[in-house]
Amino acid sequence: MEKDELWEELRFEIETMNRLNSSKEGEEILLGSGNRDGKILFIGDDVELYETNDLKVAAGSSGEFLIKLCDLAEITPEDYYITTLTKNKIKYRETFDDEKRKLKDLLYMQIALIQPKIIAALGQDVGELLLEKEIDMSRERGEVKTWSGGIKLIVTYDVNFAKKSRDSSGKKSKVAIDFWNDLKSIKNLLDESEEDGE
């Protein structure tokens, strides 16, 4: 099966999850945004991370915040793809157990299609889903872990949480500084993978 056909199958599977399918008739379900062949995969649980499949974001949104910080960290749009757990306005923690299982399977299918070198888990829920265990963000945030297939995984803050923290406390916000440092770690991992010719 061609890669494009597998992407269409993934879209179809999400469309068949009726409760999660909030799209209007004829409206495209967005599986994510950015370069599907990017080496970095950002996975969040925030509907504001993207509005279109080509990194268009709303002004003042968490998506705009993430993309601006990526630009500052010299992570280019060609380097990454952004997706969410539910591809929808419903938060992952609000889904039923059977939906959670299916969403996890579909996310793993999406990861297999993208074949990233680095995954940034944006928030505790995403980190726990991928690591299949409870995590202590105060200890494990920013740690580089080796995940399935040798993919490097960093769990960091939810983008909206980092943005709100920066908005309320300014550039000195510990959360915002930690989030920025995690992006710099991701950039370093990207540079290392390119040096290794991956």
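The values are calculated or read from the model by the stated rules, or taken from the named source; none is laboratory data. Every value quoted in this text rests on a predicted model; they were computed, and no experiment measured them. Virtual Cβ from ideal backbone geometry, glycine too; neighbours counted across all protein chains shown. What goes into the accessible areas is simple: the full protein's heavy atoms, side chains included, and nothing from ligands, DNA or RNA. Shrake-Rupley method; radii C 1.70, N 1.55, O 1.52, S 1.80 Å.
Annotations
- Of residues in the range 56-68 being among the aliphatic types (A, V, I, L, M) and crowded, with 20+ Cβ neighbours inside 10 Å, the one farthest from Ile119 (Cα to Cα): Val57
- Cross-chain or 6+ apart pairs with Cβ under 7 Å, the range 9-20 first and at pLDDT 80 or above, then of a type in the set (Lys, Arg): Ile14/Lys87
A quick yes/no check of all residues on (1) charged (D, E, K, R); (2) farther than 25 Å from Pro116 by Cβ; (3) open to solvent by 40 Å² or more (accessible area, probe 1.4 Å):
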{"site": "Gly150", "(1), (2), (3)": "no, no, yes"}
{"site": "Thr156", "(1), (2), (3)": "no, no, no"}
{"site": "Asp167", "(1), (2), (3)": "yes, yes, yes"}
{"site": "Lys174", "(1), (2), (3)": "yes, yes, yes"}
{"site": "Phe179", "(1), (2), (3)": "no, no, no"}
{"site": "Asn188", "(1), (2), (3)": "no, no, yes"}
{"site": "Ser193", "(1), (2), (3)": "no, no, no"}
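- Summed over the range 148-172, residues that are within 23 Å of Val47 (Cβ to Cβ) and part of a loop (DSSP other than H, G, I, E, B) total 2.
- Residue tally, condition without any contact (Cβ under 8 Å) to a residue 40 or more places away in the chain and part of a helix (DSSP H, G or I), over the range 127-147: 7
- Filter pass, Arg139 being among the charged types (D, E, K, R), surrounded by fewer than 20 Cβ atoms within 10 Å (Cβ to Cβ) and under 18 Å from Leu49 (Cα atoms): no
- Test for Gln124: is it open to solvent by 70 Å² or more (accessible area, probe 1.4 Å), within 22 Å of Thr84 (Cα to Cα) and touching a residue at least 12 places away in the same chain (Cβ under 8 Å): yes
- Residues that are part of a helix (DSSP H, G or I), in contact with a helix residue (DSSP H, G or I) (Cβ under 9 Å, 6 or more places away or on another chain), over 16 Å from Ile40 (Cα atoms) and open to solvent by 40 Å² or more (accessible area, probe 1.4 Å), drawn from the range 73-98: Arg93
- Subset tally (residues that are in contact with a Lys or Arg (Cβ under 8 Å, 6 or more places away or on another chain) and either without any contact (Cβ under 8 Å) to a residue 12 or more places away in the chain or open to solvent by 30 Å² or more (accessible area, probe 1.4 Å) (or both)) for the range 99-113: 0
- Options Ile67, Ile40: the member that is within 30 Å of Glu195 (Cα to Cα) and either hydroxyl-bearing (Ser, Thr, Tyr) or out of contact with any strand residue (DSSP E or B) (no Cβ under 8 Å at 6 or more places or on another chain) (or both): Ile67
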